[in-house]
Every structure is written in structure tokens, then in C-alpha cells.
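The values are calculated or read from the model by the stated rules, or taken from the named source; none is laboratory data. Please read these numbers as outputs of a predicted model, since none were measured by experiment. Cβ placement follows ideal geometry from the backbone for every residue including glycine, while neighbour counts extend to all protein chains displayed. Just the protein is used for accessible areas: all its heavy atoms, side chains included, with ligands, DNA and RNA removed. Shrake-Rupley method; radii C 1.70, N 1.55, O 1.52, S 1.80 Å.
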Amino acid sequence: MIVVMKSGASQRQIDHIVERIEQLGLRSHIIVGTERTVVAALGEKRDGAKQALETGEGVEKVVPILAPYKMASTEVKKEPTVVAARGLKVGGGRLGVIAGPCSVESREQILEVAHLVKDAGGTGLRGGAFKPRTSPYSFQGMKEKGLQLLAEAREQTGLAVVTEVMAPEQVELVARYADVLQVGARNMQNYPLLEAVGETNLPVLLKRGPSATMDEFLLAAEYILKTGNQQVMLCERGIRTFEDHTRFTLPLASVPYLQQNTHLPVVVDPSHGTGKASLVATMARAAVAAGADGLIVEVHPDPEKALSDGFQALTPAAFRQMMAECRKLAEVMGKVISDH
Ligand code: PEP
Ligand code: MN
């Protein structure tokens, strides 16, 4: 339920409602809006709770939250959430562009890509140090050494570092180096991991599981929000279908759907979404046209030699061109790609 306070309700009246919500065995979550304050009462439905809160002083009305997710819902918070880490801003008119290799492979590789991303106007640097690979025989990432190289790339360029964390026990280590914690598609429903990243104060990029519905995706985000971290971006990265002309199927209708149902910013990954370098720039443009708040794309100085996902990595020249095109489209959409 959400308790909508009258405009001009006093702090004492708000505190009293919070106290009543907690006495009813529910959790409270205050959202201060521009016009009025609302207090969400979260938890299992209780008989009589609605009536008990409705009579509170300063209360305008109490309305049920219909969506299964609560804190992620536009029913609870209408203003778009802006996720920020250094110069990376995603949402609320800012289009974040996170780019970099699938995996950190060497010092030369990550520094070269970081400068390329920075010079082309990207606002975040991606690069996996802990890699979730389908085959246990594939390159598993440089681990902590990779994190150190990402930190060096950040020092040189100022770009915010976005990197994946695969297990709750890795969160502390990865959080020491990262600006944004990426939860990968394979881990979207790893609830202990969602809670562990929820306990940090770093923004989280949550990727959609390839077989997850929108409700499942938003309920996964809800775990992070409920644990106390409000800086969450949702990433559409494609789903598994019968179709095999692309690696996954990239459903761009999820962008406007999510924006109608959640205040969290939506990022699109056209690299994993298509799995083909030749399709990436077009789908990046389509994502911007669909209203995405951000993009995450794989770029490699020499895709043929990449240790992972080379077939979907843009070359430096292709990335620069994609940036130029996306900048123009962003303007049409009333957004800017900028790090200040
Ligand atoms: C990645 O970003 O390199 C990655 C492994 O993505 P996903 O979790 O979407 O497969
Ligand atoms: Mn990849």
C-alpha cells in the first residue's frame, strides 16, 4: 500500500505514519516527491491495515500497489530514477554509454579501449574480470588482476568502471575497484547475490535473465531495492527464443514497457542481444529511438583476437561511427550523452 500524505503534511505527521506502519508489522519506505510525500507500507497484506492508516493525521489517501513489485513500481515513485557514478549518468534525460571489451585481457588492451571509449564520448568503461562462461574450458577472466587494470584505466580516463560480480563472497573485492556492479544474466535470480549487491552503496546494472519475464526481472530488482540500494539500472540483453539468426532475440518493446511500469532507468545491450558485430550499431540506434536511457556495448581493438565474444565486438572505427549516430538520435529523443 502507499500512504499519500496531504501536501504540506508535517514531519511529525509523517513520522507518526512511519511508526504506525511499523507497528502493523510492515516495512516503511519514504519517498519525498516535489508535490507531496508518500510512504510505502511493504509486506504481506494485513487485515485492517488500510483503515488504520487512512485515519492518520495528514493522510490524504491509502491506495493498494497492484504490481507484484513495489519499490520498483511507478505506482510508488513516478519521477525517473537517475543512476550516477562519476561521469556516467543514466536516466532523466541523460543517455549513458558504457563500452569496452567483453573481458579484460591485458594492460595494453584495456588501456587502449578505455582511451578509445573516452575519446569517442562514451561515459562508462565495461570489462569483465570475473567471467561467467558457458564452458568451463573457456577463458574465465583475469580476476583481481583484471580489476586492478580497470582501476588503472579509470585513473587515466576518469571513466566509471562497470564490471561483473558473480557471487556474494566476491562482492567486497569487486566493490573495492568498481564504480558499478554488474549482475549478469545468468545470475538475475541469484537472490543472495542480489541482496549482497543491495548492501553496497554502489550502483548496480542488473541484466535480464534470458528466460525471465518482465515481472521476474522487476522482482529481481526489487530484492536490491528492498535491501537498501536504490541505484539500480535494468539491462535488456536479449532472450532465448526458437530464432537462431541472432545469438539471442532482442525485444525492444521491453524498453517502453519497463518505462511505463518502473522508474528505474533502462539500458540496452545490443552486443549480447544480437551476437553479431554487423547488427550491433543498428540495434543500438533502435534502442535509443525506443527511448533507452543507456547502452552497453562491446568494443575490442582487434575483435578477431578477443578471448571472449569477439564475434560481437565492434572495431574502434565502428564504435566511433555508432557514437556519432547515437549522439544525433539522442538529440532527437531529447537526451544528451555527456559526462558532465
Ligand atoms: C557480459 O556482459 O559480458 C555478459 C556476460 O553478459 P550477460 O550476463 O548478459 O550474458
Ligand atoms: Mn560478453
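Hey, does segment 122-131 have a residue that's open to solvent by less than 40 Å² (accessible area, probe 1.4 Å) and farther than 25 Å from G198 by Cα?
yes
Of the conditions (1) over 21 Å from I224 (Cβ atoms); (2) in contact with a helix residue (DSSP H, G or I) (Cβ under 6 Å, 6 or more places away or on another chain); (3) surrounded by 13 or more Cβ atoms within 10 Å (Cβ to Cβ), E57 clears all except one; give me its number.
(3)
Of the conditions (1) surrounded by fewer than 24 Cβ atoms within 10 Å (Cβ to Cβ); (2) among the acidic types (D, E); (3) within 14 Å of ligand 2 (Cβ to nearest atom), D244 fails just one. Which one is it?
(3)
Looking only at residues in segment 277-299 that are more than 16 Å from the chain's Cα centre (by Cα) and open to solvent by less than 10 Å² (accessible area, probe 1.4 Å), which one is nearest to K335 (Cα to Cα)?
A284
Within segment 259-278, track down each residue that is at negative phi, within 16 Å of ligand 1 (Cβ to nearest atom) and of a type outside the set (D, E).
Once the filter is applied, which keeps residues that are at negative phi, within 16 Å of ligand 1 (Cβ to nearest atom) and of a type outside the set (D, E), segment 259-278 yields V266, V267, V268, P270, S271, H272, G273, T274, K276, A277.
Does L264 meet the test of being within 22 Å of V76 (Cβ to Cβ) and either of a type in the set (D, E) or not in a loop (DSSP other than H, G, I, E, B) (or both)?
The answer is no for L264.
Assuming K226 fulfils every condition listed in (1) open to solvent by 40 Å² or more (accessible area, probe 1.4 Å); (2) within 16 Å of ligand 2 (Cβ to nearest atom); (3) farther than 23 Å from V113 by Cβ apart from one, which condition is it?
(2)
Report the residue count in segment 280-302 for those that are more than 29 Å from R107 (Cβ to Cβ) and either more than 16 Å from ligand 1 (Cβ to nearest atom) or touching a strand residue (DSSP E or B) at 6+ places or on another chain (Cβ under 6 Å) (or both).
Number satisfying all stated conditions: 10.
Test T274 against the criterion of being open to solvent by less than 10 Å² (accessible area, probe 1.4 Å), out of contact with any Asp or Glu (no Cβ under 9 Å at 6 or more places or on another chain) and either within 16 Å of ligand 2 (Cβ to nearest atom) or aliphatic (A, V, I, L, M) (or both), and give yes or no.
The answer is yes for T274.
Six or more apart or on different chains, Cβ under 9 Å: which pairs go from a residue in segment 164-188 that's open to solvent by 40 Å² or more (accessible area, probe 1.4 Å) to one that's away from ligand 1 (no atom under 16 Å from the Cβ) and outside any helix (DSSP H, G or I)? Could you list them?
Close Cβ pairs satisfying both conditions: E172/T200.
Residue-by-condition table, conditions (1) part of a helix (DSSP H, G or I); (2) within 16 Å of ligand 2 (Cβ to nearest atom); (3) in contact with a strand residue (DSSP E or B) (Cβ under 8 Å, 6 or more places away or on another chain); (4) among the aliphatic types (A, V, I, L, M):
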| site | (1), (2), (3), (4) |
| --- | --- |
| E105 | no, yes, no, no |
| H115 | yes, no, no, no |
| R133 | no, yes, no, no |
| L147 | yes, no, yes, yes |
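Go through segment 303-322 residue by residue and tally those that are away from ligand 1 (no atom under 16 Å from the Cβ), more than 12 Å from G100 (Cα to Cα) and open to solvent by 30 Å² or more (accessible area, probe 1.4 Å).
Counting residues in segment 303-322 that are away from ligand 1 (no atom under 16 Å from the Cβ), more than 12 Å from G100 (Cα to Cα) and open to solvent by 30 Å² or more (accessible area, probe 1.4 Å) gives 6.
List pairs: first in segment 26-46 and closer than 11 Å to K70 by Cβ, second open to solvent by 100 Å² or more (accessible area, probe 1.4 Å) and modelled with pLDDT of 85 or more, Cβ under 8 Å, 6+ apart or cross-chain?
R27/K226; A41/R27; L42/R27; L42/K226; G43/R27
Those residues that are of a type in the set (S, T, N, Q) and either within 14 Å of A84 (Cα to Cα) or away from ligand 2 (no atom under 16 Å from the Cβ) (or both), I need them from segment 183-206; list them, please.
Q189, N190, T200, N201 - these are the residues of segment 183-206 that are of a type in the set (S, T, N, Q) and either within 14 Å of A84 (Cα to Cα) or away from ligand 2 (no atom under 16 Å from the Cβ) (or both).
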